[in-house]
1. Just the residues that are of a type in the set (A, V, I, L, M) and in contact with a Pro (Cβ under 8 Å, 6 or more places away or on another chain), please, taken from the range 22-36.
2. Can you list residue pairs whose Cβ atoms sit under 7 Å apart, with the first residue in the range 53-67 being at negative phi and the second being surrounded by 11 or more Cβ atoms within 10 Å (Cβ to Cβ) and among the hydroxyl-bearing types (Ser, Thr, Tyr)? Count only pairs 6 or more apart in sequence or on different chains.
3. If a residue must be free of Cβ contacts under 8 Å to residues at least 24 places away in the same chain and of a type in the set (Val, Ile, Thr), how many such residues does the range 68-82 contain?
4. Which ones in the range 10-52 are among the aromatic types (Phe, Trp, Tyr) and free of Cβ contacts under 8 Å to residues at least 24 places away in the same chain?
Amino acid sequence: MIQLTLKKDSTCVISQKAYYLTWVNKYKQNGKSKFQILPAAKYEKIQDDLLSEEAKYKLNVFLKNSRALLDTNNREVKELTE
């Protein structure tokens with residue numbers, strides 16, 4: 001998910017840009033597949049029963065790999081963690 005701030009004078013430019021990493025929590029409820037889109041940084045920091053131990057592990061691997069990739073390739077685009 002991204003956040004952009006546009007500045008408009010005689011032209012329109014992007015004045016601020018940032019992104020949120022999101023995690024899709026997949027689980028079964030009453031035999032049906034369910035999906036939740038969660039702010040990854042928030043669930044990295046809290047102890048919650050919403051995510052299974054396996055999902056927490058996968059979330060941490062995802063965050064580590066995504067941050068490494070984005071930190072290497074992004075210029076002046078920061079991750080929003082709150």
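Values quoted throughout were computed directly from the atomic coordinates according to the rules given, and no laboratory measurement underlies them. Only a predicted model underlies this, so the values are computations on that prediction, with no experimental measurement involved. Every residue, glycine among them, receives a Cβ derived from its backbone with ideal geometry; neighbour counts consider all protein chains shown.
1. none
2. LEU59/TYR43
3. Going through the range 68-82 one residue at a time, the tally reaches 1.
4. Within the range 10-52, the first condition is being among the aromatic types (Phe, Trp, Tyr), and the residues that meet it are 19-20, 23, 27, 35, 43.
Listed by number, the residues that qualify are PHE35, TYR43.
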